[in-house]
1. Expressed in nm to one decimal, what extension gain is obtained for the pair residue 248 and residue 309 from 0.36 nm per residue of sequence separation less their Cα-Cα distance?
2. Going by how many other Cβ atoms sit within 10 Å of their own, how do 136, 315 line up, fewest first?
3. Arranged by the count of other C-beta atoms within 10 angstrom, fewest first, what order do 260, 177, 85 take?
4. Quick one: grab the alpha carbon gyration tensor of the range 167-273, order the square roots of its eigenvalues as a ≥ b ≥ c, and give me rounded if a/c is under 1.5, else prolate or oblate depending on whether a/b is larger than b/c.
5. At 20 °C and a viscosity of 1.002 mPa s, what translational diffusion coefficient does Stokes-Einstein give for the range 255-321, taking Rh as the Kirkwood radius over Cα pairs? Give it in µm²/s as a whole number.
6. Need one number: nm distance between label points at residue 66 and residue 285, each 7 Å from Cα along Cα→Cβ, rounded to one decimal.
7. Using a Förster radius of 30 Å, what is the FRET efficiency between residue 75 and residue 164 based on their Cβ-Cβ separation? Nearest 0.05, please.
8. Return a whole-number percent for the relative contact order of the range 126-227, with Cα pairs under 8 Å and 6 or more residues apart as the contact set.
């Protein structure tokens, strides 16, 4: 019969199986009574002893609850002991605080709390960014932002050798960047020197990671555009503009040099070739003269008088063929007469006119009359004729 059915002794029973303290009192059961019943149940688990005046516990009840509790604990332990490692992950297992093994992808099992597991993604590319003001070699302050990309290459070293390997990476990055920037001029940092600096930072940072055995591999270091602090940005802009003007002037000078230098080299080469041709000509002429002199000497030794006369005649012919004057020689003991062919001299002038503007025909007649007068006055000329 239910405790609240009509006819039942509802005044002496409650829904929790105990008697109510008062006859007509309603409400929740007494807390002391509830704690007493809980204590009796616990005592029954460890020996089925009676609690003063209470009913005896059933012989198998305590063991059943203990088995259920142990089963629940075993299920919880088994659930935590089985784990899955993905394709991109690895796990390091420590047993009693000492390295035990490195586990690859798949379903795995370990024994907590004896074993301790550290599971990380070893293929994912990780990144760390920083920015700070640094002093360059020429004592200028600039802000250098950079990004470091890295991944875990050795999970055992990553877990065991360093307490906080990623914090060590950040501190090592700061040290490497400051060393490289501090040994580089500001112009190189702001312009074309960033790629070389990034390579130096990566090499130096990887050396730190290998020395500390952090298990981290630095894959890439990206140095972004460095800039001056905002307080001196205008001055740096002026410097950049001046540098651009300098580069433009250099380009113009190089363009002018590219146009002038080849021309000068061509002229120099032409002068060298002319000098070489003149040298060859002089040598050839001298060689020919020497050969001719040698042959002439041979002929002179054979016939001195004839050779001397022929040389004299050839020399006089060469001299007289290039002059406009005519020398008329007389007999021995008489003076020579210099004949001036004025008509030929006037005709040889450019334009066929004299210096005084006299026509060539008039000048020719004048020269003929002068020569005729001279011949009539000088008897030697008539005799020679």
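A short reminder: the numbers here are calculations on the coordinates, not readings from a lab. Given the structure is predicted, the values throughout are model-derived calculations rather than measurements. Glycine also receives a Cβ, built like all others from the backbone with ideal geometry; neighbour counts cover every protein chain displayed.
1. Numbers: separation 61, 0.36 × 61 = 21.96 nm, distance 7.76 nm.
Result for the pair: 14.2 nm of gain on full extension.
2. Values: 136 20, 315 10.
The order, fewest Cβ neighbours first, is 315, 136.
3. Values: 260 10, 177 24, 85 16.
Ranking 260, 177, 85 by Cβ neighbours within 10 Å, fewest first, gives 260, 85, 177.
4. Numbers: a/c = 5.27, a/b = 2.07, b/c = 2.55.
Verdict is oblate for the range 167-273.
5. Details: Rh = 15.8 Å.
Taking Rh from Cα pairs, D becomes 135 µm²/s.
6. My value for the distance between the label points is 13.7 nm.
7. Working: r = 35 Å, r/R0 = 1.18.
With R0 = 30 Å, the Cβ-Cβ based efficiency is 0.25.
8. Values: 167 pairs, mean separation 41.6, N = 102.
Computed value for the range 126-227: 41 percent relative contact order.
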